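Working notes for the structure below.
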Amino acid sequence: MVKAYQILVSLLLIIQAILIPWVVCLCRNFCNNIPINYPFGIDDGCGAPQYRHMFNCSSPDLFFLTPSGAYKVQNIDYKHQNIVIFDPSMSTCSILQPQHDFLMSDIQSAIIPPSPETIFVLMNCSIDSPILHHYNSLCFNFSGHSCDELYGACTSFRILRTPSTYSNFNDSSSSSVTQSPGCCFTRYGTVKFMSMNMLDCTHYTTVYDSDDLKGVGPMDWLYGIRLSFAVPDTGCERCAKSSGSCGFHVETLSSLCICSPTVNSTRECGGGTNRGYRLRSRSTFLELLLVTSIISVVIQ
């Protein structure tokens, strides 16, 4: 009898372990002080499936995840549909970082790409760099700024300049000048298809709001990457008005209105629409049936 009791307790613990992940928590709508609204989500099954696994809330910060790393989210503007992220591995006016590539997946490049006013600045490029020759049409001066201005204004970039000595044959005197290495202001499309190694540049930085930086010195530029996103039209407003959270089925990726930790709807909450439990996997249900059958045998 004691042995049967021990088996029963063990099986009940197994059921509890199975049921805990079976019941899904409601979607969190904040990470620190940043609101998490549709189409984004930080819990699996929340938001739009196109943006699944792109964000991670690690106390206390929100991060945007790409194949090249995790980038801190500084702001999400849902009205203008853009996000500002910061790459901790890129160089800025105050710090010089080692060579690093910024990479996005194909789906990210398509649905949440860097905005047109985000400038990628490639620095310390060799004289043989393809970006200064065959692909020099990809480079431009933005808002009246130049590479010389950037190298001269920032302490971290100034050390990349090299002194050169010129001889004056008329009076046998010499003079020295400081030369700036190759540099290129370009857009994400350039670094998307060509790595920093291919471009033969050792450092990069990014600046956003480039259209508003005319007459503003590099020390006061806005360093970071602004991403633009679109909101899929899946009827989310109807779900939100019924106090639900817009999400999707974790297996089929079909749209759901999450109404409670266990109950979902296809469109809205409290309206008697197609409700059901959101199971994380079919195997979970089969495991539950198996354990229940074993319990019935033990009890008999």
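The values are calculated or read from the model by the stated rules, or taken from the named source; none is laboratory data. Just so it is clear, the model here is predicted, and its values are computed rather than measured. A quick note on method: Cβ atoms are made from the backbone with ideal geometry, for glycine too, and the neighbour counts reach across all protein chains shown.
Would you pick out the residues in segment 78-106 that are over 16 Å from the mean Cα position of the chain (by Cα) and under 20 Å from N33 (Cα atoms)?
Result: K79, H80.
Among the residues of segment 267-287, is any at pLDDT 75 or above and buried (at least 19 other Cβ atoms within 10 Å of the Cβ)?
yes
Can you report the number of residues in segment 36-74 which are of a type in the set (F, W, Y) and touching a helix residue (DSSP H, G or I) at 6+ places or on another chain (Cβ under 7 Å)?
2
Just need a number here: residues in segment 181-228 that are part of a loop (DSSP other than H, G, I, E, B), of a type in the set (G, A, S) and modelled with pLDDT of 95 or more.
So the count comes out to 1.
From the list N136, N75, N56, N124, exactly one residue is surrounded by fewer than 15 Cβ atoms within 10 Å (Cβ to Cβ) and over 16 Å from the mean Cα position of the chain (by Cα). Which is it?
N136
Is it the case that segment 1-14 has a residue that's outside the structural domain of S245 (by TED's automatic domain parsing), at pLDDT 90 or above and hydroxyl-bearing (S, T, Y)?
no
Have a look at N124, N136 and point out the one that is polar (S, T, N, Q), in contact with a His (Cβ under 7 Å, 6 or more places away or on another chain) and in the same structural domain as M194 (by TED's automatic domain parsing).
After ruling out the rest, the residue left standing is N124.
Do you know which of the residues in segment 192-215 that are over 22 Å from the mean Cα position of the chain (by Cα) and either surrounded by fewer than 16 Cβ atoms within 10 Å (Cβ to Cβ) or not assigned by TED's automatic domain parsing to the domain that holds H145 (or both) is nearest to P114 (Cα to Cα)?
Restricting to residues being over 22 Å from the mean Cα position of the chain (by Cα) and either surrounded by fewer than 16 Cβ atoms within 10 Å (Cβ to Cβ) or not assigned by TED's automatic domain parsing to the domain that holds H145 (or both), the top hit is D211.
Could you figure out which of (1) touching a residue at least 24 places away in the same chain (Cβ under 8 Å); (2) surrounded by fewer than 18 Cβ atoms within 10 Å (Cβ to Cβ) isn't true of P88?
Single failed check for P88: (1).
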